[in-house]
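A.B. asks: I'd like to ask some things about the structure below.
Read the figures in this text as sums done on the coordinates, not as results from a lab. Source: prediction; values computed, not measured. Heads up, the Cβs are rebuilt from the backbone with ideal geometry, glycines too, and the neighbour counts pull from every protein chain shown.
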Amino acid sequence: MKLVEISQHLLESAKMNQDVSPYIHQLETLSLSQLLVYLDTDNKKKAFWINTYNAFATILLRPSPKIILNSLNRKAFFNKKQVKIGSCLLSLNNIEHNILRKSSVWWGKGYLKKWWVSNCDKQLRVEQLDARIHFALNCGGKGCPPIRFYEAETLDKQLEIATQAFLFSEVKQHKNTIEVSKLFNWYIGDFGGKKGLIQLFKKHQVLTKESHHLTIKYTEYNWQPWIK
């Protein structure tokens, strides 16, 4: 079974609250060299790590999502190393910021890179950061993009669909003010700053009025868990 397929099965089982142990065992027994052989393109890396992140976020949150996602516990939860992939023990933040965002500092809004990264992160991370991952990762809150199953062969099309859906859901224009999810502020550098955001909104035709003086207002993120 291909590695991306294992991540899909893990995610499906996690979402359906079924037994995930066979797939977790398969991932834990991989060697780092096997991971590097299987994940030999950015599309394979992105598909695998998006599925894996969403699966483990679902699994780890399920026991008590309201408590884990409250403002006092969120940081510790996402920083805790509790995802074992081969010989690499990772946190959800490792997967998102070190691997999928290519060693970006999580609080740096996309403008700062880490000066030191672990051997696992360095070898497993993508070659090029793709800002569309932000429309695919589901952290358990209702403000997150919905969970989808990603595959390497059709990843570009899938990420475009996810981007379009999230923008139509989260971008609202009122005259010269655009109201968007706070997610865009957290990672604004990944999108190329304010100018990049406006270009993204125009590309996906979510603006109702053209203007040279647009103000972006960031709405509060909904951390209420979707997991019951």
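A.B. asks: For Glu179, list long-range residues whose amide hydrogen, built 1.01 Å from N in the peptide plane, is under 5 Å from its own amide hydrogen.
C.D. replies: Those lying under 5 Å, H to H, from Glu179 are Lys172, Gln173, His174, Lys217.
A.B. asks: Explain nothing, just compute: Karplus ³J(HN,Hα) = 6.51 cos²θ - 1.76 cosθ + 1.60, θ = phi - 60°, for every residue of segment 130-143 in order, whole Hz, x for Gly and Pro.
C.D. replies: Whole-Hz 3J(HN,Hα) from phi for segment 130-143: 10, 4, 5, 4, 5, 9, 10, 7, 10, 8, x, x, 5, x.
A.B. asks: Considering the options His213, Leu39, Leu167, tell which one lies farthest towards the positive end of the dipole of the chain, charges being +1 on Lys and Arg and -1 on Asp and Glu at the Cβ, about the Cα centre.
C.D. replies: Working it through, the farthest residue towards the positive pole turns out to be His213.
A.B. asks: Sticking with this one: Show me, for segment 22-27, the HN-Hα J-couplings you get by feeding each phi into the Karplus relation (A = 6.51, B = -1.76, C = 1.60, θ = phi - 60°), rounded to Hz, glycine and proline as x.
C.D. replies: In residue order, the calculated couplings are x, 6, 5, 4, 4, 6 Hz.
A.B. asks: Of Thr177, Ile99, Thr29, which is farthest on the positive side of the dipole of the chain, counting Cα position, with +1 on Lys and Arg Cβ, -1 on Asp and Glu Cβ, and the Cα centre as origin?
C.D. replies: About the Cα centre, the residue reaching furthest to the positive side is Thr177.
A.B. asks: Could you tell me which of rounded, prolate or oblate describes the chain, using a ≥ b ≥ c as the square roots of the eigenvalues of the alpha-carbon gyration tensor, with rounded for a/c under 1.5 and, failing that, prolate when a/b is larger than b/c and oblate otherwise?
C.D. replies: Prolate, since a/c reaches 1.5 and a/b exceeds b/c.
A.B. asks: Arrange Trp49, Trp186 by Cβ neighbour counts within 10 Å, fewest through most, would you?
C.D. replies: Trp186, Trp49
A.B. asks: Treat the count of other C-beta atoms within 10 Å as a stand-in for reagent exposure and order His25, His212, His204, His134 from fewest to most.
C.D. replies: So the ranking, lowest neighbour count to highest, is His212, His25, His204, His134.
A.B. asks: While we're looking at this one, here's another question. Which of the cysteines in the chain are isolated, no other cysteine C-beta under 4.7 Å?
C.D. replies: Here Cys139, Cys144 come out as lacking a disulfide-compatible partner, given the Cβ-Cβ threshold of under 4.7 Å.
A.B. asks: I would also like to ask the following. How big is the gap, in Å, between the Cα center of segment 83-117 and the Cα center of segment 1-78?
C.D. replies: Centre-to-centre distance over Cα atoms comes out at 15 Å.
A.B. asks: As I understand it, the value is the acute angle between the Cα axis of helix 3-15 and the longest principal axis of the Cα atoms of the chain; what does it come to in degrees, rounded to 10?
C.D. replies: Tilt of helix 3-15: around 70 degrees.
A.B. asks: Order by neighbour count: His213, His97, His174, fewest other Cβ atoms within 10 Å first, most last. The partial results should precede the final answer.
C.D. replies: Numbers: His213 5, His97 23, His174 11.
Starting with the residue having the fewest Cβ neighbours, the order is His213, His174, His97.
A.B. asks: A further question follows. Less than 26 Å apart at the alpha-carbon level, and either on another chain or at least 8 residues along: which lysines does that give for Lys202?
C.D. replies: The qualifying lysines are Lys46, Lys109, Lys142, Lys157, Lys172, Lys175, Lys182, Lys194, Lys217.
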